[in-house]
Amino acid sequence: MKEKHNWGWPIASYLFLGGLGGGMIVVAGLADLAFGEGELFSLGNLIAGIAIAIGSALLIFELGRPFQFWRVLSRQKAIMTAGAWMLSLTIVTSFAYFSFWPDFSPWHQLIGLRHLVAGINIVLGVGVCIYTGILLGSLRARVFWNTPLLPVLFLVSGISTGVAAQSLLAGSWPCHVAAGELGALHAALRSCDLALLVFELILVFVYVGMMRFSAGPVTARIAAQWLTGPKRWLFWGGLVGLGLALPTILYVLSPAAGGETAALLVLIGGVVLRFLVVYSDERIPLPGESEYYSRLPGPDAPFLKAWE
Amino acid sequence: MARFVMIMDTRRCIGCHSCTVACKVNNELPVDMIYNPVFTHGPNGVFPHVSMTYYPLICMHCENPPCVGCCPSGASQQEADGIVWVDQNTCIGCKACIQACPYRARHENPKTGTVQKCDFCKERVREGLEPFCVETCHQRARIFGDLDDPESEVSQMVNSMHTLQLLPEIGTDPQVYYIVTPGGQG
């Protein structure tokens, strides 16, 4: 009876959706404040808010007592409490930012207020991307997560998936820019995502390499699972190949076409990264622990049901 | 002020698992939940130089418990006497504390949706009784007491013998001390 994964697919999916949503609102906020191009990414903020809301719903679904979820907001000092507040605020502010753009919006002309919301979105978006890495990284028992590289990796991956998703949605309703005028924008987003992808590729190899060669036996074992063990297809094929290298090549080789394919691949890479990380949650074994639990009956042993 | 600690004298433990059973029965734990397993480490070495050690486990009631700091609802808490426990009414079952614990001392209860753990039988020990696992140990391998009381057996043993803590490198400062070497003089 090995220790089961306490956090599973709902958490991994949330990590992806939260990073995606956070990255998307950072992109929209920066585009608005730095280049005055927020309109192109207006629909993206609606989608980002929905992504973060779905992610938060998954977090609540994963709780043992979902109807008591509001208690997560009640303590001041826990990282998870800070994260829950940030998520709640981010859902509101990303919808709020979107609401400035449709023509029928009563506050369509309040540009100063919109810039303020864009600024708040940048801070909250970075916060949502990064806090999950700090949360997982602060759990010293889970040695593979316990490194300051994890929040950086999550941030870069979040922004990268955000750029990819925004490039897929750019120019949609309620934006008024004609589709033909988006060429320059897509070129800019591609170079942006290209830089992020190369950086993420380096980060991934630094992370796994460091775990493989400089840390303890448990981290080395998990890194070996990624590199040559049972997770090698997911790591080399899913994350490195499909999610990072192939979109990098597509961005470099085909400046005009292939942008959508590359962006979709980046999103897949983001999902694979979160699943790989969440399921790499081993502890340092205590003396004799694995032998003890391997001798216990499994959760479906008939005598366990005989009591009911 | 009291500081409750436990000593595991592995020289005396014979691996009978009575503590595991006493805890399960008296605390009415679900049938597949164990607060205090007894691990068998070994046999190590090559005959005739072999050794085998039983490690009775329990919540370490760490001085610096990582499971308390990560709790978003405040259900996981540490008392002034060092006892770490979970308020079943406020726990939401996020499982952050299970992830934070290096000793597998926290358990999810699928029936209640909450996380539960050893609380050193806090109602008993505050009345001067011993925890069930200590009371039942016929070899006196588990010794419980107040580390702040210089007259207590635990205080005298911890301060005069070579003891080990499990995974001290994680920085939790666990308050369960193991006497491992024969003679206890390490």
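On the basis of being more than 13 Å from the chain's Cα centre (by Cα) and within 27 Å of A:ARG283 (Cα to Cα), does B:THR163 make the cut? Yes, satisfied.
Of the residues contained in region B:102-115, one or more are found to be acidic (Asp, Glu), in contact with a strand residue (DSSP E or B) (Cβ under 7 Å, 6 or more places away or on another chain) and under 30 Å from A:VAL278 (Cβ atoms).
Restricting attention to region B:62-71 and to residues that are more than 8 Å from chain A (Cβ to nearest Cβ) and crowded, with 22+ Cβ neighbours inside 10 Å, the residue that is nearest to the chain's Cα centre (by Cα) turns out to be B:CYS62. For region A:277-301, a tally of residues being under 11 Å from A:ARG142 (Cα atoms), facing another protein chain (nearest Cβ under 9 Å) and either open to solvent by 30 Å² or more (accessible area, probe 1.4 Å) or without any contact (Cβ under 8 Å) to a residue 60 or more places away in the chain (or both) returns 1.
Checked against the criterion of being open to solvent by 30 Å² or more (accessible area, probe 1.4 Å), part of a helix (DSSP H, G or I) and closer than 30 Å to B:MET60 by Cα, the candidates A:ILE91, A:ILE122, A:ILE134, A:ILE130 yield just one match: A:ILE134. Quick check on this structure: which one of A:ILE60, A:ILE122 is within 12 Å of another protein chain (Cβ to nearest Cβ) and at pLDDT 95 or above? Among A:ILE60, A:ILE122, only A:ILE60 is within 12 Å of another protein chain (Cβ to nearest Cβ) and at pLDDT 95 or above.
The residue that is farthest from the other protein chains (Cβ to nearest Cβ), among those in region B:72-97 that are open to solvent by 10 Å² or more (accessible area, probe 1.4 Å) and in contact with a Lys or Arg (Cβ under 7 Å, 6 or more places away or on another chain), is B:ASP81. In region B:18-38, is there at least one residue being among the aromatic types (Phe, Trp, Tyr) and without any contact (Cβ under 8 Å) to a residue 60 or more places away in the chain? No, that holds for no residue.
Mind checking which residues of region A:1-53 are open to solvent by less than 40 Å² (accessible area, probe 1.4 Å), within 14 Å of chain B (Cβ to nearest Cβ) and either assigned to a loop (DSSP other than H, G, I, E, B) or at pLDDT below 95 (or both)?
A:ASN6, A:TRP7, A:GLY8
Within the set A:GLY243, A:GLY229, A:GLY209, A:GLY238, the sole residue that is assigned to a loop (DSSP other than H, G, I, E, B), out of contact with any Lys or Arg (no Cβ under 6 Å at 6 or more places or on another chain) and at pLDDT 90 or above turns out to be A:GLY229. Cβ separations smaller than 8 Å between residues 6+ apart or across chains give the following pairs from region A:74-99 residues that are away from every other protein chain (no Cβ under 12 Å) to residues that are outside any helix (DSSP H, G or I): A:SER99/A:SER105; A:SER99/A:TRP107.
Just one of the listed residues (B:LEU166, B:LEU129) is within 14 Å of chain A (Cβ to nearest Cβ), part of a loop (DSSP other than H, G, I, E, B) and among the hydrophobic types (A, V, I, L, M, F, W, C), namely B:LEU166.
Take the residues of region A:63-73 that are surrounded by fewer than 19 Cβ atoms within 10 Å (Cβ to Cβ) and not in a helix (DSSP H, G or I): which is nearest to the other protein chains (Cβ to nearest Cβ)? So the residue we want is A:GLY64.
The values are calculated or read from the model by the stated rules, or taken from the named source; none is laboratory data. What you see is a predicted model, and the numbers here were worked out from it, not measured in a lab. A quick note on method: Cβ atoms are made from the backbone with ideal geometry, for glycine too, and the neighbour counts reach across all protein chains shown. Heads up: the accessible areas ignore ligands, DNA and RNA and are worked out on the full protein's heavy atoms, side chains in. Shrake-Rupley method; radii C 1.70, N 1.55, O 1.52, S 1.80 Å.
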